[in-house]
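Structure first, commentary second.
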Amino acid sequence: MERAVPLLLQAGLDGWNCTLPHKGEMFRLSEVHSPSALQAQSVNTVQVVQGKIHGSSTDAEGWSRALREIWPNSLPPKRTLLLGCGGVGQTIARFLPSIGCSSLTLINRDPQRAEKLHHELTPLVGNRFPIHVLDWNMPNMTRALSETDLLIQATSLGLKEEDPLPVPKELLHPPLRVYDTIYRKGETLLVRVARERGCEAEDGLGMLLHQGALSLEIWSGKPAPLTTMRQALYQAAGRET
């Protein structure tokens with residue numbers, strides 16, 4: 001990124017999007033940070049203003065808008081279980097205190113990463129709601145999901161066709177709602193199985209749509225043509241709008 005950014009500036013670009021695994025590095029290279037970037041501690045949208053690199057993050061607000069769209073009464077989420085404390089998981093977790101929830105449970109395959117995120121969130125949350133960190137195993141999954149209203153799947157599981165379910169299917173049952181931040185043509189395995197088990201479930205395609213729309217609004221200063229963007233994205237993904 002340190003070599004690429006000067007080349008982008010030399011090419012005369014006024015802005016660009018940045019995705020994993022470069023969002024943290026782009027945050028470090030940005031000279032001016034928006035409140036969203038400071039909250040997320042990452043940057044996915046860059047705007048060059050008078051030669052200075054301005055960094056923003058549309059991830060959390062994109063996720064929030066997608067959630068409001070599919071489940072209008074789902075925000076603030078009540079009892080939330082977050083699987084995966086990497087890039088997108090960290091961003092959503094840091095956003096949750098600003099919209100409120102009654103409890104948050106963190107489960108990550110690397111427990112040290114979950115503990116680190118817990119430590120970062122504690123001063124943001126204060127006494128507003130409890131945060132729990134659990135190891136990634138069947139007993140903990142069973143207990144956590146029995147006390148969860150919204151499951152947010154933020155690991156990389158689901159990107160590959162051969163990836164296993166992040167949670168055993170027998171633990172998925174209504175009224176649990178499942179949001180998988182992964183998206184692909186067709187459904188992710190988690191979304192398909194959750195729906196078969198009677199749960200409301202969605203993948204991250206709507207989040208991608210709203211992330212992109214927010215980025216376009218930052219660059220243009222105008223409302224994004226959301227309907228046109230949705231049609232193009234869903235057509236490319238083989239989905240119905």
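FYI, it's all coordinate maths here, none of it is from the lab. Computed from a predicted model, the values in this text were never measured in an experiment. FYI the Cβ positions are ideal-geometry reconstructions off the backbone, even for glycines, and counts take in every protein chain you see.
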What full-extension length gain, to one decimal in nm, is calculated for Glu2 and Glu196 as 0.36 nm per residue of separation minus the Cα-Cα distance? 65.2 nm
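For the chain, what is the percent of antiparallel DSSP beta bridges, rounded to the nearest 5? Don't skip to the answer; put the middle values down first.
Working: 8 of 30 bridges.
Around 25 percent antiparallel, to the nearest 5.
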Can you put Asp14, Asp203, Asp180 in order, fewest other beta carbons within 10 Å first? Asp14, Asp203, Asp180
Here the relative contact order (percent) of the range 1-86, from C-alpha pairs under 8 Å and at least 6 apart, is 22 percent
From zero outward in steps of 5 Å, how is the percent of C-alpha pairs of the range 41-125 spread across the bins? 3, 13, 22, 22, 17, 11, 7, 4, 1
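Mind putting a number on the dipole of the range 21-133 about its Cα centre? Charges go on the C-beta only, +1 for Lys and Arg and -1 for Asp and Glu, and I need it in Debye to the nearest 20. Numbers along the way, then the final one.
Details: 12 positive and 8 negative charges, 43 e Å.
Around 200 debye, computed over the range 21-133.
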Past the 16 angstrom mark, what percentage of all C-alpha to C-alpha distances in the range 40-91 do you count? 56 percent
Which of Met207, Met138 has the fewest other C-beta atoms within 10 Å, and how do the rest follow up to the most? Met138, Met207
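Expected output is a single nm value to one decimal: the length gained when fully extending between Arg239 and Asn73, i.e. 0.36 nm times separation in residues minus the C-alpha distance. What is it? Could the numbers behind the result be given before it?
Values: separation 166, 0.36 × 166 = 59.76 nm, distance 2.41 nm.
Stretched fully, the Arg239-Asn73 segment lengthens by 57.3 nm.
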If contacts are Cα pairs under 8 angstrom and at least 6 residues apart, what is the relative contact order of the range 60-205 in percent? 20 percent
Of all the C-alpha pairs in the chain, what % are more than 25 Å from each other? 43 percent
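Let me know the shape class of the range 1-57, please: from the alpha-carbon gyration tensor, a ≥ b ≥ c as square roots of the eigenvalues, rounded when a/c is under 1.5, otherwise prolate if a/b is greater than b/c, or oblate.
Numbers: a/c = 2.02, a/b = 1.36, b/c = 1.48.
Verdict is oblate for the range 1-57.
Return the loop-located GluC sites (Glu not before Pro) in the range 108-191 (DSSP other than H, G, I, E, B) with at most 16 other Cβ atoms within 10 Å of their own Cβ; answer none if there are none.
On the way: sites: Glu115, Glu120, Glu147, Glu161, Glu162, Glu170, Glu187; in loops: Glu147, Glu161, Glu162, Glu187.
Those satisfying the criteria are Glu147, Glu161, Glu162.
Apply the a/c threshold of 1.5 to the C-alpha gyration tensor of the range 110-241 and tell me whether it is rounded, prolate or oblate.
On the way: a/c = 2.20, a/b = 1.32, b/c = 1.67.
Note, shape of the range 110-241 comes out oblate.
How large is the dipole of the chain about the Cα centre if only Lys and Arg carry +1 and Asp and Glu carry -1, each at its Cβ, rounded to the nearest 20 debye? Spell out each step's value before the answer.
On the way: 25 positive and 25 negative charges, 45 e Å.
Taking the Cα centre of the chain as origin, the dipole is about 220 debye.
With both partners inside the range 1-57, how many of the DSSP beta bridges are antiparallel, as a percent to the nearest 5? Mind dumping the intermediate values first?
Numbers: 8 of 10 bridges.
Antiparallel: roughly 80 percent of the beta bridges in the range 1-57.
How would you classify the range 169-241 from its alpha-carbon gyration tensor, with a ≥ b ≥ c the square roots of the eigenvalues: rounded for a/c under 1.5, else prolate if a/b is greater than b/c, otherwise oblate? Walk me through the intermediate numbers first.
Values: a/c = 3.30, a/b = 2.26, b/c = 1.46.
Note, shape of the range 169-241 comes out prolate.
Listing Arg79, Arg143 from the residue with the fewest other Cβ atoms within 10 Å to the one with the most, what is the order? Don't skip to the answer; put the middle values down first.
Working: Arg79 17, Arg143 14.
In order of increasing Cβ crowding within 10 Å: Arg143, Arg79.
Step through the table entries Lys160/Lys222; Lys116/Lys160; Lys23/Lys78; Lys52/Lys222; Lys23/Lys169, compare each Cα-Cα distance with 25 Å, and write down the pairs that go over it.
Working: Lys160/Lys222 36 Å; Lys116/Lys160 28 Å; Lys23/Lys78 28 Å; Lys52/Lys222 21 Å; Lys23/Lys169 32 Å.
Cα-Cα > 25 Å for Lys160/Lys222; Lys116/Lys160; Lys23/Lys78; Lys23/Lys169; rest within.
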